[in-house]
Amino acid sequence: MNRFIDTHSHIFDEKFDEDREQAVFRAKENGVDRLIIPSIDSSTHQKVLDCCSKWEGCYPAIGLHPTDVKANYLEELEIVKSYVDKYYEKLVAIGEIGLDLYWSDEFYAEQIEALNFQIELALKYNKPVIIHSRDAFENIEEQLHKYEGRGLKVISHGYSSDIDQYNRFEAMDCEFLYGIGGVVTFKKSLIPQFVEQIPLSKIVLETDCPYLSPTPNRGKRNESAFIPIIAQKIAEIKGVTIEEVAKITTNNVENFFNII
Ligand SMILES: [Zn+2]
């Protein structure tokens, strides 16, 4: 059977309160036997760690999400730091972190500060970062330039920009991978065109569950078991087999996160 890794699962979310364990098992039944689980704020760090001690193949990441950067962000960042200092050996990444100008720019300056604080933390412990970017790719690029040449590894989660942005990222002295999820299956999406233009060696699979369920489940709760739907769509775009997509994307993740 193909083996897949979901690089972005919020399985701790309350939308899984009724059937969290079944969702993990359904994923495994579909070959998705490893999940990377990023937290978003102080109410979720411990939930992420609990999921990862409960189920084999679940790997934790800790971070403060940009839409959760509010007036109390300094306190939140201290909590992130305390978790990372304590659990860095277990963590596979710092995330999810980033910039989001879609929902609100009220705390934009604070988002920038939180992003930089958490990138420094990642570099201190030699961890990749999982970056969320919404309406903010150029802003992310501007921040990342400061870290060139320091061995920073970036997952651009839910990539939604174009090949020009990709080329600018690739020209930087940072290592990037691009998270492709359910949006690649949506009608009118520009992501298929993007996927066509980049090598499979730069792609990792993700659900971002419970959000962004792939077609034909669009609008319903997403879960890691749907990863093969995304892989199948990428296989069609690239003109390769789903086996090839499974093999290469899994290999990309193993090397990047050092979880072989
Ligand atoms: Zn997320």
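Inspect segment 73-87 for any residue being part of a loop (DSSP other than H, G, I, E, B), at negative phi and more than 16 Å from the ligand (Cβ to nearest atom) and give the result as yes or no.
no
Restricted to segment 1-22, and to residues that are away from the ligand (no atom under 16 Å from the Cβ) and within 19 Å of the chain's Cα centre (by Cα), which residue is farthest from VAL204 (Cα to Cα)?
ARG3
So, GLU75, is that one surrounded by fewer than 22 Cβ atoms within 10 Å (Cβ to Cβ) and of a type in the set (D, E, K, R) or not?
On the way: surrounded by fewer than 22 Cβ atoms within 10 Å (Cβ to Cβ): yes; of a type in the set (D, E, K, R): yes.
Considered against the rule, which asks whether it is surrounded by fewer than 22 Cβ atoms within 10 Å (Cβ to Cβ) and of a type in the set (D, E, K, R), GLU75 comes out as yes.
I'd like to know if segment 113-127 contains one or more residues that are surrounded by 14 or more Cβ atoms within 10 Å (Cβ to Cβ), within 16 Å of the ligand (Cβ to nearest atom) and not in a helix (DSSP H, G or I).
Among the residues of segment 113-127, not one is surrounded by 14 or more Cβ atoms within 10 Å (Cβ to Cβ), within 16 Å of the ligand (Cβ to nearest atom) and not in a helix (DSSP H, G or I), which makes the answer no.
Return the residues of segment 99-112 that are away from the ligand (no atom under 16 Å from the Cβ), charged (D, E, K, R) and surrounded by 13 or more Cβ atoms within 10 Å (Cβ to Cβ); say none if nothing qualifies.
Once the filter is applied, which keeps residues that are away from the ligand (no atom under 16 Å from the Cβ), charged (D, E, K, R) and surrounded by 13 or more Cβ atoms within 10 Å (Cβ to Cβ), segment 99-112 yields ASP105, GLU110.
Could you please give the count of residues in segment 133-161 that are of a type in the set (Val, Ile, Thr) and under 18 Å from TYR211 (Cβ atoms)?
So the count comes out to 1.
Quick check on my filter: what residues within segment 89-126 are without any contact (Cβ under 8 Å) to a residue 12 or more places away in the chain and of a type outside the set (Lys, Arg)?
GLU89, ASP105, GLU106, TYR108, ALA109, GLU120
Regarding SER160, is this residue surrounded by 14 or more Cβ atoms within 10 Å (Cβ to Cβ), free of Cβ contacts under 8 Å to residues at least 12 places away in the same chain and more than 21 Å from GLU148 (Cβ to Cβ)?
no
Among the residues of segment 112-161, write down those that are of a type outside the set (Val, Ile, Thr), closer than 23 Å to LYS86 by Cβ and under 14 Å from the mean Cα position of the chain (by Cα).
Of everything in segment 112-161, those that are of a type outside the set (Val, Ile, Thr), closer than 23 Å to LYS86 by Cβ and under 14 Å from the mean Cα position of the chain (by Cα) turn out to be LYS127, PRO128, LYS153.
Within segment 150-193, which residues are at positive phi, more than 16 Å from the ligand (Cβ to nearest atom) and either outside any loop (DSSP other than H, G, I, E, B) or at pLDDT 95 or above (or both)?
Of everything in segment 150-193, just one residue is at positive phi, more than 16 Å from the ligand (Cβ to nearest atom) and either outside any loop (DSSP other than H, G, I, E, B) or at pLDDT 95 or above (or both), namely GLY151.
Name, by its number, the condition in (1) more than 16 Å from the ligand (Cβ to nearest atom); (2) among the charged types (D, E, K, R); (3) assigned to a strand (DSSP E or B) that does not hold for GLU96.
(1)
In segment 195-234, how many are within 16 Å of the ligand (Cβ to nearest atom), in a helix (DSSP H, G or I) and over 19 Å from ILE130 (Cβ atoms)?
1
Does any residue in segment 58-87 that is under 23 Å from ASP208 (Cα atoms) come within less than 9 Å, Cβ to Cβ, of a residue that is among the basic types (Lys, Arg) and away from the ligand (no atom under 16 Å from the Cβ) six or more places away or on a different chain, and which pairs are these?
CYS58/ARG34; TYR59/ARG34; TYR59/LYS90; PRO60/LYS90; ALA61/LYS127; GLU76/LYS70; VAL84/LYS124; VAL84/LYS127
The values are calculated or read from the model by the stated rules, or taken from the named source; none is laboratory data. Please read all numbers here as calculations on a predicted model, not as lab measurements. Here Cβ is always computed from backbone atoms with ideal geometry, including for glycine, and neighbour counts include all displayed protein chains.
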